[in-house]
Structure formats: structure tokens, C-alpha cells
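A.B. asks: Just dropping this structure here.
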Amino acid sequence: MAERPPLPFSSPEQASSATPFGSPLEPVAAPRQLKPPPGETYVVKVQKDQIYRVPPPENAYLAERYRTERAGGGKRAGDPACSPCVQLTVGLAVTAALLLGAGIALFVVVLRPYPPSFSVDRLSVHNASAQHHVDYDFFLTAINPNKVTALWYKDGGKATLLHQGTALAKGGVGKPEEGGEDATDFNVLLHAVGHPPPKGVEKALSSGSKKGSLVALELAVDVPVQVHVGALGFQTTSLAVVCDIRTAGLRKDVHISSQNCRSSFDK
């Protein structure tokens, strides 16, 4: 029987610890098998689709900014905060501006209304035969142009009839009467003054009307007016009315050829 060649190792221990390439390796111990105590069983369930990971750092920043916006009423991070003092100041400024605008509107609409427009509808002359006892009977109509305010005419108005600066007659303004929508009618009865009238008026009173012969008259009326808005009444002011009239004679029912009336409130 042939003999085996001798092993290159001097001892069986070296042969057991050597590798085919001649590098020694440390022996590795086999892992121990943990066995549960007898009579006890543990069941561990793990969801297959659940992923466990750590969220990125920017998520914390986004969550913090969202909480800041919710707490600050929609203000973004970095925006200047609106302090209660600033809010109060802005609120007071807006309120003051609204009150100022309301006051200006009240002053313009109520305290400074547009004056009414006047017209002379009729003129009658009585007792023309006695020149020192002539009565001039005017019938006037006033139109209120204001849509919000009403004009209430008070008693105590006065009127004067003049010819080229000379007073012909004086009298009072009668009680106003409703003349329709936004219209008021007045009857103004004037009595001749004591002195004789100018020659032009005296001739018109005696001879009547002639073609081409016109008499220039000026009717000046002052009447107290109170401004009303609904049931609220405001201050009473004086309304001045001046009507430039040209008539064809001064006998009974006078024909008015032309007229121009101007009215204004006293300041």
C-alpha cells in the first residue's frame, strides 16, 4: 500500500485553521438560537406597505410657519406685526373722516339749500283813479329746487314796489298756499305811499296801456323761511327776492311784458 505524502502542516491544529490560500482565520461561533420559554408565544405583526422614515427638517419649518400664520390672522412670517395701537389709530381716523364727510353733506344739503325760483303770475291795480290810494295786488309762485329739503315759509314777510329807485307802495306778504308739487303761491298786496308817484307811473295809471309804452317796476320781497328735512326743522333764515318787471300800463289787470326774478338766502 502506497504511503501518503506528508502534510505541509506541522500539527493537526494548523491544518484545521488554515485556508486554501494559506491565511489563517479566526473561528466563528455559531449564533445562539433563542427559544421562548415553554408555554409563552409572541406574535409580531408588521404592515407590509408602511414605511418608517425620519421627516426632512424643512417640514418642521413649514409647520411652524403655518401655525404662525394661523395665530397672526393671515400674516406671513417676517411681516411687520400690526399692533393694537395702530389698529385703534386707523379706526379713529376712518371714523373721523366719515363724520367730517357727513357734516359737510349736512351743511351743504340742509343748511345751504338752493334758493327757490320765483315768478310773477298776475298783477292787478285797484283804485287807479285816486293816485294816492292805489293798491297793487301781486300773485307770486315759488318753486323749490331741492329734492331732500322742504322750505316752510313763515308769516311776517314784507314787500316794496319801486320805480327807478323810488318807492311806490309797501305791504306785507300773505299766507303761503300750496300750489302743487314743490310749488308755493303767495298773494302780495301793496298800498301806495303818501307822496305822488313819478310822472311815468302817473301817466300809466291814468291813460292805461299803449303800444310801445312800458313801465319799469321793481318788486322786492323779504320772507322768513325754515329748512325742513322730514319732520326735523332747522334754523329760520330770510329769503330775499327781487323781480324786475316791465308792464304795458297800470290799469286793472296789467299785462306783464317781461320779468326777471332773482332770489337768495341772507348769509
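The values are calculated or read from the model by the stated rules, or taken from the named source; none is laboratory data. Not measured: the values here are computed from a predicted model. Neighbour counts are summed over all protein chains in view; Cβ atoms, including those assigned to glycine, are modelled from backbone coordinates with ideal geometry. Only protein heavy atoms, including side chains, enter the accessible area calculation; ligands, DNA and RNA are left aside. Shrake-Rupley method; radii C 1.70, N 1.55, O 1.52, S 1.80 Å.
A.B. asks: Based on the Cβ-Cβ distance from residue 236 to residue 158, what FRET efficiency comes out when R0 is 22 Å, to the nearest 0.05?
C.D. replies: That gives a FRET efficiency of 0.90.
A.B. asks: Holding the Cα-Cα limit at 28 Å, pick out from 170/203; 199/252; 154/199; 175/199; 158/252 the pairs that are longer than that.
C.D. replies: 154/199; 175/199
A.B. asks: If you don't mind, there's one more thing I want to ask. Quote the accessible area belonging to residue 67 in square angstrom, nearest 10, computed with a 1.4 Å probe and with ligands, DNA and RNA left uncounted.
C.D. replies: Its accessible surface works out to 140 Å², give or take rounding.
A.B. asks: Where the convex hull is taken over the Cα atoms of region 165-267, what is its projected area averaged over directions, in nm²?
C.D. replies: Over every viewing direction, the Cα hull of region 165-267 projects on average to 8.6 nm².
A.B. asks: Now a separate question. Under a crude label model (7 Å from the Cα following the beta-carbon direction), how far is residue 146 from residue 64 in nanometres?
C.D. replies: Result: 6.6 nm between the two label points.
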